[in-house]
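**Q** Provided herewith is a single structure, encoded as structure tokens, for subsequent inquiry.
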Amino acid sequence: MRARRWKASSRPLPFPAELRGEFAITEGAVSAAERLLPGFRGPEGDHEGIVFLLGRELGSLTLLTTALAPDADHGPGHVICQPDAVAAAQRAGRKLGLALLAQLHSHPDDRIEHSEGDDDLVLMPFEGMLSIVAPWYGRVGLRPLAGLGVHQFQDGRWVLADPAGVAERLRLLPAEIDLR
């Protein structure tokens, strides 16, 4: 990721796009991301933050199990990971038998679309990868997941997924079920 200031994109978004594949994220990963994102702060206050989501691809299901906060340059209007920080995150995941499968970053306001430049800031996008945007520096939580900006790398470009499709294809796996 390269340094830049965020601003609203003037390019037309291919919206709504259908989310391709099936995704499940553990409640533990979501709770961890909700704790980690607001930790990106400085003396002047809140900063944009980033969390990588680690997991496994299991056939047509992408299982996201773990949130990892990488080393990043961050400020009120930017968050950037250098290639060595991404490599360190990948190594940490491999030690656990997990891969870096998605990223989640925050914006300072209510925008959940990729900012101009966000499409180019993901260092190693791959077909089907998710890039998720949380509003308000992530301070309002991440649930419901369909309220986030879920972008997917499809056919060589990032598209913003339809919230209805996100609600159907990105499931939150509960930490517990009590049927008493």
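**Q** Suppose we keep only residues that are surrounded by 18 or more Cβ atoms within 10 Å (Cβ to Cβ) and not hydrophobic (A, V, I, L, M, F, W, C) within region 91-107. Which one would you say is nearest to Gly156 (Cα to Cα)?
**A** Of region 91-107, the ones surrounded by 18 or more Cβ atoms within 10 Å (Cβ to Cβ) are 93, 98, 100-107.
Narrowing further to those that are not hydrophobic (A, V, I, L, M, F, W, C): 93, 103, 105-107.
Numbers: Gly93: 25, Gln103: 17, His105: 21, Ser106: 23, His107: 24 Å.
Checked region 91-107; the qualifying residue nearest to Gly156 (Cα to Cα) is Gln103.
**Q** Something else now. Of these, Glu18, Glu34, Glu27, which one is touching a residue at least 24 places away in the same chain (Cβ under 8 Å), in contact with a Gly (Cβ under 6 Å, 6 or more places away or on another chain) and either of a type in the set (Gly, Ala, Ser) or under 16 Å from Pro174 (Cβ atoms) (or both)? Explain how you work it out, then say what you get.
**A** On the way: Glu18 fails: either of a type in the set (Gly, Ala, Ser) or under 16 Å from Pro174 (Cβ atoms) (or both); Glu27 fails: in contact with a Gly (Cβ under 6 Å, 6 or more places away or on another chain).
Just a single option satisfies the conditions, and that option is Glu34.
**Q** Restricting the search to region 39-55, which residues are surrounded by 17 or more Cβ atoms within 10 Å (Cβ to Cβ) and over 12 Å from the mean Cα position of the chain (by Cα)?
**A** Phe40, Asp46, His47, Glu48, Gly55, listed by residue number.
**Q** Take region 154-180 and flag every residue that is out of contact with any strand residue (DSSP E or B) (no Cβ under 8 Å at 6 or more places or on another chain), in a loop (DSSP other than H, G, I, E, B) and closer than 26 Å to Leu121 by Cβ.
**A** Scanning region 154-180 gives Asp155, Gly156.
**Q** Looking at Ser131, Ser115, Ser106, which one is at pLDDT 95 or above, of a type in the set (Ser, Thr, Tyr) and farther than 22 Å from Glu22 by Cα? Break it down into steps so the answer makes sense when it comes.
**A** Values: Ser131 fails: farther than 22 Å from Glu22 by Cα; Ser115 fails: at pLDDT 95 or above.
None of the others qualify; the one that does is Ser106.
**Q** Within region 144-153, count every residue that is buried (at least 18 other Cβ atoms within 10 Å of the Cβ) and either part of a strand (DSSP E or B) or not hydrophobic (A, V, I, L, M, F, W, C) (or both).
**A** Total satisfying the criteria: 5.
**Q** Those residues that are out of contact with any Ser or Thr (no Cβ under 8 Å at 6 or more places or on another chain) and either under 19 Å from Pro163 (Cα atoms) or not in a helix (DSSP H, G or I) (or both), I need them from region 28-42; list them, please.
**A** Residues satisfying the conditions are Val30, Arg41, Gly42.
The values are calculated or read from the model by the stated rules, or taken from the named source; none is laboratory data. Because the structure is a prediction, the values reported are computed rather than measured. Every residue, glycine as well, gets a Cβ built from its backbone with ideal geometry; the counts of neighbours run over all protein chains shown.
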